Amino acid sequence: MQPNVANSTVPLTKPARKAGGGARSRRTTTGAKGKGKCRFLTALAVTAWTFYLYLHFSGPSGTAQVSRGSGGGDPCRGRYIYVYNLPPRFNADIIRGCRKTEADHWGDLCASLSNAGLGRALADDDGVFTGEAGWYDTHQFALDAIFHHRMKRYECLTNRSSAAAAVFVPFYAGFDFARYHNDGGAARDAASTDLMVWLTGQFQWGRRMGGLDHFLVAGRTGFDFFRRGISDVDTGRGNGLLMRAARNMSVLVLESTLRRGGDYAVPYPTYFHPRSDADVLRWQDRVRGQRRTRLMAFVGAPGPDTPANIRVRDHVITQCKASSACAMLGCARSAGGTRRCRNHTPANIMRLFQKASFCLQPPGDSWTRRSVFDSMVAGCIPVFFHTASAYKQYRWHLPKLHLDYSVYIPDADVRERNVSIEDVLRAIPPATVERMRDEVIKLIPTVIYTDPRSRLETIKDAFDVAVEGILDLEARIKNGEHLDSGRPVSDDPANLYVSTESTFRPK
C-alpha cells in the first residue's frame, strides 16, 4: 500500500533559484531529510498492511478456500467450517499402514478404502440394485474416510479460521483403533494423545474456547473410544479418546455411549451412495413400488456363547426360524465359534430386505446394527427391541415420533416369551403399514452418504444433517444455552422411552 502523496507531510522542493551556494546547500539538506521521512512512512505503511493481513488470515494452515456468496447476502453466514491441515501421521499415514489390520477380523478394511472410502463398486445382481452406478461394497467402519472426502467438497469451507463457525479435525480415529485394538492401552492411546499435544499447541485451540468448537469423526461405536479406567491405560477394550483427548470436542460416532454428552450418533454407512438427486428419487420410487412377499426378515448371526435367556437376539432368531412368515439370512459358526457369513453379500442382504415389510433389528454386539440402515434403504420398516438402538441415538437423523417409522417391542417381553413378534406385526392395520413404509422411504436420504466425489442439489444426506447438527450445537454453546460441563443438555429426558410399550400389542 503506497502512502498518499497529496497528504504527505514531506516538504516539497521548490524550483532552483540563481542563488549562492548557501541556499543550494540548504535545499540539498532539506531534500535529503524529506526523502528519509518518505522512506520511513512508506516502510511504516507496508508494516501496518502486513500486520493487518496477518491478523486477518491468521490461524493454522487450511486446505480449503473461502466460499463467497453472490449478491448482497452471504449464504454461508454461520456455516463456515475450517479444516485443520493435520500432519499425515494422523490420517494419510494411518491409511498407508492399513495392512496391519489384516491380522485380525477387520482385515478387509484395506480393500474398502478405494473410491474415496466407498470400497469396490457393485454390479447389478439380478435386478437387486437399480442397474446404475451408486452401489458399493462399503465397510461399516469406513466413515472416517467418507466423511473427510465429503468435507473437502463442503460448500462453505474457509481458510480463515477466525471466520469459522466450527473447526473440523480430520483425524482417522476409527482406523487408528482398528490397527491397535488388540495391543496394550499405551499403544491404543498413542495417536490420540499425540493429536491432543498437537492441537493444544495451536493458538486457535486456546483462543477458540479450548476446543469446544472443534469436532471430529470416529467411525466406530462410542464404546471403542471409552475406557472406564482412565488411570490404568491397560484397563478395558477401548482407547481414551472420549475420556481424555477429545473430551472438549464434539465427536461423531456410529453409536453414542449415552454417557458423556459429547459423542453424537450418526448413521452407519450403507451400500448406497448416489451421485445425484435423480439417483435418490429413482431408488425411492423403486422401493415404494416393491412387492413385499414376506411379513418380516432378519439378517445376522446368533450372539456369543451366552445363556439363551440373556440375549434378545437369540430369541428373535428362534421366533423367525419358527415362522413361515419370516425370511432369514443367517451365519454358520465354526468349531472355534467364529462366524462364517459368506452369504452376507450386499446383493443378498438388499434382496431380502426388499421382499419384507418389517425388518427385525435386535441389538447386536452393540445397541445398534448397520443392518438398521441397510433395511431402511430397502424401504423395510425397522422393528426395535431396545430404546438405545435408535430412539436415544440418532436424534439429528430420525424423527422424534418414532412410531411413525418403526415398531417397538420391549426386549423383556421377548426374553420372557410373553409376546409373539409375528402376532404383533400382523395386528398392525395395512393402511398403517403403508404410512409407516412411506415415512421410512422419505427418510432414505438422511441415512445415506452420497458419493464424496459428487454433490446433491436439493436433497440433504446424512453428512448434511450431521454438519447442520454440529453447527447448531456450536451456536448454542457460543450463546451459552443450556450448558452442562460445556455441552448443551439434551432437550429430551434421558429415560423418555424407557416405559414405552408397543402400540400394536395384540389384545
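Brief remarks on what is shown
- Residue check for Ile81: over 17 Å from Gly174 (Cα atoms), in contact with a Phe, Trp or Tyr (Cβ under 9 Å, 6 or more places away or on another chain), among the aliphatic types (A, V, I, L, M) and at pLDDT 90 or above: yes
- Any hit, segment 365-384, residues being open to solvent by 20 Å² or more (accessible area, probe 1.4 Å) and assigned to a helix (DSSP H, G or I): yes
- Within segment 456-474, being in a loop (DSSP other than H, G, I, E, B), over 17 Å from Phe272 (Cα atoms) and open to solvent by less than 20 Å² (accessible area, probe 1.4 Å) holds for no residue.
- Of Ile94, Ile146, all but one fail to be open to solvent by less than 10 Å² (accessible area, probe 1.4 Å), modelled with pLDDT of 80 or more and either farther than 19 Å from Ser371 by Cβ or not hydrophobic (A, V, I, L, M, F, W, C) (or both); the exception is Ile94.
- Answer from Ala297, Ala332 - the residue that is more than 21 Å from Thr387 (Cα to Cα) and either surrounded by fewer than 17 Cβ atoms within 10 Å (Cβ to Cβ) or at pLDDT 90 or above (or both): Ala332
- Qualifying residue in segment 445-455 (condition: part of a helix (DSSP H, G or I), farther than 29 Å from Thr138 by Cβ, open to solvent by 10 Å² or more (accessible area, probe 1.4 Å) and of a type in the set (Val, Ile, Thr)): no
- The residues listed here are Leu425, Leu398; of these, the one that is closer than 24 Å to Gly469 by Cα, surrounded by 21 or more Cβ atoms within 10 Å (Cβ to Cβ) and either touching a Pro at 6+ places or on another chain (Cβ under 8 Å) or not hydroxyl-bearing (Ser, Thr, Tyr) (or both) is Leu398.
- When the residues of segment 216-257 are filtered to those that are among the basic types (Lys, Arg) and modelled with pLDDT under 80, the one that is least open to solvent (accessible area, probe 1.4 Å) is Arg227.
- Some residue of segment 189-205 being within 22 Å of Cys76 (Cα to Cα), outside any strand (DSSP E or B), at pLDDT 85 or above and among the charged types (D, E, K, R): no
- Restricting segment 410-437 to residues that are β-branched (Val, Ile, Thr) and modelled with pLDDT under 95 leaves a set whose member that is nearest to Tyr268 (Cα to Cα) is Val414.
The values are calculated or read from the model by the stated rules, or taken from the named source; none is laboratory data. Values in this document were obtained by computation on a predicted structure and should not be read as measured data. For neighbour counting, all protein chains shown are included, and Cβ atoms are generated from backbone atoms with ideal geometry for every residue, glycine included. Ligands, DNA and RNA are excluded from the accessible area calculation, which covers all protein heavy atoms including side chains. Shrake-Rupley method; radii C 1.70, N 1.55, O 1.52, S 1.80 Å.
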